[in-house]
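Colleague: Quick one: the structure is below, questions incoming.
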Amino acid sequence: DAGVIQSPRHEVTEMGQEVTLRCKPISGHNSLFWYRQTMMRGLELLIYFNNNVPIDDSGMPEDRFSAKMPNASFSTLKIQPSEPRDSAVYFCASSFEVGRGYQPQHFGDGTRLSIL
Amino acid sequence: SQQGEEDPQALSIQEGENATMNCSYKTSINNLQWYRQNSGRGLVHLILIRSNEREKHSGRLRVTLDTSKKSSSLLITASRAADTASYFCATDGTQGGSEKLVFGKGTKLTVNP
């Protein structure tokens, strides 16, 4: 079975450019999570969706970040304009949730983003 | 804000030895999960322990939970070089949202052959 698929695996771009990260969750999963991982701050939850609806975006750092989930099999995280401090590894994870966090989350292998 | 805090930050052992990692958290939880992350890869779920459980086993893994001390430990027995990875605890919290997990900063385990 295919796991969570993220693209691209690596992205290097210049400050000010728009960056779009993509995620395909595991088929049948109803929750999708976007995380950011840095050495300084560890793994931070940015936003999560349940049944394609954003439930909690309190972790989104600022208005430059936006996320969408147009259907159950696709989500994007967009940064516009990008800044060097956005450099991090961004993970997407999915799960099939029936209650309060009783199910494991399945992670993709991440997008390593470098903003020059 | 960080809920789980792992201890130690880094651990280096020889193959065959046991590895113990600890996690402390601040608020009440429904469950606590442990994940492993190999270098350059995503996190992989290892084991989940519910708040009404005290101990759980899975293969060479043993997890304990002490809700009175708000702490958990992960024991890997008879470690192998392939166990080299970072290990994270994650808690859900009983307040606020449902599926949210809060991860600690992890313990980096190195198992030397």
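Read-outs: derived from the displayed coordinates by stated rules, not from any lab. Source: prediction; values computed, not measured. Neighbour counts run over all protein chains shown; Cβ positions are idealised from the backbone, glycine included.
Colleague: Just to be sure I understand: with springs between alpha-carbon atoms less than 10 Å apart, which residue in B:VAL63, B:VAL44, B:VAL102 has the highest mean-square fluctuation in the Gaussian network model of chain B?
Modeller: B:VAL44
Colleague: Just to verify a number: FRET efficiency for A:SER66 and B:ARG41, C-beta to C-beta distance, R0 = 22 Å, to 0.05?
Modeller: 0.25
Colleague: Determine the relative contact order of chain A: mean sequence separation of Cα pairs under 8 Å and six or more apart, normalised by residue count, in whole percent. Numbers along the way, then the final one.
Modeller: On the way: 283 pairs, mean separation 42.7, N = 116.
Relative contact order here is 37 percent.
Colleague: At each listed q (0.13, 0.22 Å⁻¹), what is the log10 of I(q)/I(0) that the Debye formula gives for segment A:1-101 modelled as equal alpha-carbon point scatterers?
Modeller: Rounded to two decimals, the profile gives -0.44, -1.22.
Colleague: Rounded to the nearest 20 Debye, what is the dipole magnitude of segment A:1-60 about its Cα centre when Lys and Arg each give +1 and Asp and Glu each give -1 at the C-beta?
Modeller: On the way: 5 positive and 7 negative charges, 31 e Å.
Value, rounded to 20: 140 debye.
Colleague: If I take every Cα pair under 8 Å that is 6 or more residues apart in chain B, average their sequence separation and divide by the length, what percent do I get for the relative contact order? List each step's numbers first, then the result.
Modeller: Working: 289 pairs, mean separation 43.5, N = 113.
The normalised contact order for chain B reaches 38 percent.
Colleague: Which residue, A:MET15, A:MET60, A:MET40, has the most motion in a Gaussian network model of chain A that connects Cα atoms within less than 10 Å?
Modeller: Of A:MET15, A:MET60, A:MET40, the most mobile in the Gaussian network model is A:MET40.
Colleague: Follow-up. So for segment A:1-56, averaging the separation of alpha carbon pairs under 8 Å that are six or more residues apart and normalising by length, what relative contact order in percent results? Could you put the intermediate results ahead of the total?
Modeller: Values: 61 pairs, mean separation 13.9, N = 56.
Reported relative contact order: 25 percent.
Colleague: Let me ask something else. Pop out the Kirkwood hydrodynamic radius of the protein assembly as shown from its pairwise C-alpha distances, inverse of mean 1/r, in Å to one decimal. Walk me through the intermediate numbers first.
Modeller: Working: mean 1/r = 0.0554 Å⁻¹.
Radius from the Kirkwood sum: 18.1 Å.
Colleague: Could you give the length gained by full extension between B:ARG54 and B:ASN22, i.e. 0.36 nm per residue of separation minus their alpha carbon distance, to one decimal place?
Modeller: The B:ARG54-B:ASN22 span can extend by a further 10.1 nm.
Colleague: Here's something else I'd like to know. Comparing A:GLU14, A:GLU97, A:GLU62, which has the greatest mean-square fluctuation in the GNM of chain A with Cα pairs linked when under 10 Å apart?
Modeller: Comparing A:GLU14, A:GLU97, A:GLU62 in a Gaussian network model of chain A, the most mobile one is A:GLU62.
Colleague: In chain A, what percentage of the DSSP-assigned beta bridges are antiparallel, given to the nearest 5?
Modeller: DSSP beta bridges in chain A are roughly 90 percent antiparallel.
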